[in-house]
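The values are calculated or read from the model by the stated rules, or taken from the named source; none is laboratory data. Just so it is clear, the model here is predicted, and its values are computed rather than measured. Every residue, glycine among them, receives a Cβ derived from its backbone with ideal geometry; neighbour counts consider all protein chains shown. Heavy atoms of the whole protein, side chains included, go into the accessibility calculation; ligands, DNA and RNA do not. Shrake-Rupley method; radii C 1.70, N 1.55, O 1.52, S 1.80 Å.
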Amino acid sequence: MFVLILLYVVLTVIRPQDYVPGLEGVPLLPAVLVLAFGAWAVGKKSFAAPQFFILPAFMLVLMISQVTNGWSGGAIDELAKFGPTVIAFYILATACTSPRRLTLTMATLVVCSMVLAMHGVGQAKTGMGWTGIPIGEDGRIQYVGIFNDPNDLGLLFAATVPLAAYLAMRSKFIGKLFWLSGMLLILYGVYLTNSRGAMLAVLMVAGSYVWYRRGVVTASVLGVAGLACMKLVSSRMGELDAEEESASGRVDAWYSGLHMFMSHPTFGVGAGNFTEYNDLTAHNSFVLVLAETGFAGFLLWLAFVGYTFWMLANILRHKFDAGGDAALARRWHDERITALALLLALLGLFTCAFFLSRSYMIVLYFFAAMATGAYMGARERFPELPELKFSRGGWRWVPISMGSIAALFLLVAVLLRTT
């Protein structure tokens, strides 16, 4: 089962079925997922995490959002589109409860990112990648399938940088050299995407790590210096203000998305229907969910994301007493370092997602599955960690969601006044 779900991850990211002759049109992804699900279904599993309830509930809201907007057949369409993501999340989350499997999953994603970065390097040098995809007209690298947008490549790269650093820290000399080289290659890939969101995400990851280790003052100073350097390195970073055409279009899309929510507050305008009401997509994963699935979907999606961050934060802030047992103290230290790497990866991922419409992108749920599995495994090894249940504290997401929506309205109002 675990080998099959890792194969599914590889096929999702590297996507040979999209460009290798003879594989085009072959349903490799569905076939591998069905096999992985069949192997997973017969084993013993734990669902001791609120995400296992929230994600299928969110899928149900996606289906209802189509029905309430007059398309009954859309419910089946959403089941077909988002159902594989739910299945992959279930399998990967329950598989990543052991440190070894979690590390192998991280390594798989990092190696996949290295492959895509090497494709980008070749594309930048010759103008054409081995996939047959040329470099973009604006000189930005791109890949195939779900990564044909440079910003999506940047999202993956930003999320895997801290994982590469984590793997390097855990390895001996040869392994350390390999993973550090991979991290540099991925960072170069971020540069080649020329994605402002990805560069900001890398800065967020680095700043958060420095904040965790050295405090907010040092992180702030280095953050300002890093932002200045990025403006020198990237021509697009120099245009980062609300009056720049691309940024202004994003703000207008956010404004339209909030109006869609106001006109359809319960279940939104329907999953995938944002561009039926606005020429541009939302360019913000939070606004997209709010507009397309209304308050019901936004609450569930925000809770899903929030619990994922909350789990990792619980590990980092938990005060564990090893009672003088050096081996136990080392194991707890390893849990904390793993949680930190995953938390930094999620910060990079959602920094990019704040500027992109990637609420339903499967890669996001791969990372959420790793974090969920890591916490369930940590609770098995250290039962002192608190158990999180939606049934026990789910009510809190109502005021949190309302506050988040108010914050989005305030942000858009401020940005509109600066243009």
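Charge tally for Asn69 (other residues, Cβ to Cβ under 15 Å; Lys, Arg +1; Asp, Glu -1): -4.
Viscosity 0.692 mPa s, temperature 37 °C: Stokes-Einstein D of the chain from its Kirkwood Cα radius, in µm² per second? Working shown, then result.
Numbers: Rh = 22.3 Å.
Using the Kirkwood radius from Cα pairs, D works out to 147 µm²/s.
Highest GNM mean-square fluctuation among Gly348, Gly129, Gly38, for the chain modelled with Cα contacts below 10 Å: Gly38. When peptides 294-305, 177-188 are ranked by their average number of other Cβ atoms within 10 Å per residue, the highest-first order is 294-305, 177-188. Scalar couplings 3J(HN,Hα) for the stretch 210-219, obtained by applying the Karplus form with A = 6.51, B = -1.76, C = 1.60 to θ = phi - 60°, are 5, 4, 5, 8, 10, x, 6, 5, 4, 5 Hz; x denotes Gly and Pro.
Over the residues of the chain, the helix contribution to mean residue ellipticity at 222 nm works out to -25000 deg cm²/dmol, using -39500 (n - 2.57) for each DSSP H run of at least 4.
What part of the accessible area of the chain, given as a whole %, is carbon or sulfur when the probe is 1.4 angstrom?
C and S fraction of accessible area: 66 percent.
Ranked by the mean number of other Cβ atoms within 10 Å per residue, highest first, peptides 381-390, 148-157 order as 148-157, 381-390. Taking all pairs of distinct Cα atoms, average 1/r, flip it, and tell me the Kirkwood hydrodynamic radius of the stretch 164-219 in Å to one decimal place. That comes to 12.4 Å for the stretch 164-219. Taking only the C-alpha atoms of the stretch 323-419, the Rg (one decimal) and the largest Cα-Cα distance, Dmax (whole number), read 18.3, 60 Å. Averaging Cα coordinates gives a centre for the stretch 147-207 and one for the stretch 96-118; these two points are 12 Å apart.
Summed over the residues of the stretch 57-99 and divided among them, the accessible surface reaches 37 Å² per residue at a probe radius of 1.4 Å.
Can you tell me the FRET efficiency between His318 and Val86 if r is taken as the Cβ-Cβ distance and R0 is 22 Å, rounded to the nearest 0.05? The calculated FRET efficiency here is 0.15.
Loop-located trypsin sites (Lys or Arg not before Pro) across the stretch 297-367 with a Cβ neighbour count of 14 or fewer within 10 Å are Lys319, with loop assigned by DSSP.
Accessible surface calculations at 1.4 Å, restricted to protein heavy atoms, place the stretch 308-399 at 40 Å² per residue.
Accessible surface computed residue by residue for the stretch 105-171, with neighbouring protein chains in place and a 1.4 Å probe, gives 33 Å² per residue. Compactness of the stretch 20-118 was expressed as the Cα radius of gyration divided by 2.2 N^0.38 Å, which yields 1.32.
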